[in-house]
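The values are calculated or read from the model by the stated rules, or taken from the named source; none is laboratory data. Computed from a predicted model, the values in this text were never measured in an experiment. For neighbour counting, all protein chains shown are included, and Cβ atoms are generated from backbone atoms with ideal geometry for every residue, glycine included.
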């Protein structure tokens, strides 16, 4: 397993369109499109910044994990995503090291990625997403 790079920083927002204006209109960064991920109950927009991205996440339902995050902590940085070349190998390595995983198996993420989350208690308080892209 190789860690390739920082894939993106996920930011929980209450209003995706209003939040997009800062990145689009003020910073001049065009989004790579808006996508809904129904099983995660979220709508996302990715803004490319060099080799990485900023991901804005708006909940699509009150029971969305992002809605719960905003209620508990307020809008702001939600997670950091690291790109790996082999997600199964990354999960195996984490398990062998005794790392607490939220996702035991890969699942579908935005942008045709396969993802899995690592629990913040194992990463110094940071929700870490492992991300594999084709």
Given the residues 87, 130, which is the only one that is within 28 Å of residue 29 (Cβ to Cβ), surrounded by 15 or more Cβ atoms within 10 Å (Cβ to Cβ) and in contact with a helix residue (DSSP H, G or I) (Cβ under 7 Å, 6 or more places away or on another chain)? 130
Need pairs with beta-carbon distance below 6 Å; first residue under 23 Å from residue 30 (Cα atoms) and within the stretch 55-70, second assigned to a helix (DSSP H, G or I); sequence gap 6+ or separate chains. 56/16; 56/19; 57/66; 58/16; 59/66; 59/67
When the residues of the stretch 88-111 are narrowed to those that are assigned to a loop (DSSP other than H, G, I, E, B) and closer than 14 Å to residue 128 by Cβ, which ends up farthest from the chain's Cα centre (by Cα)? 97
Counted residues, the stretch 112-131 - those being more than 19 Å from residue 56 (Cβ to Cβ) and either touching a residue at least 60 places away in the same chain (Cβ under 8 Å) or in a strand (DSSP E or B) (or both): 4
Flag if residue 69 is farther than 20 Å from residue 128 by Cβ and modelled with pLDDT of 95 or more: no
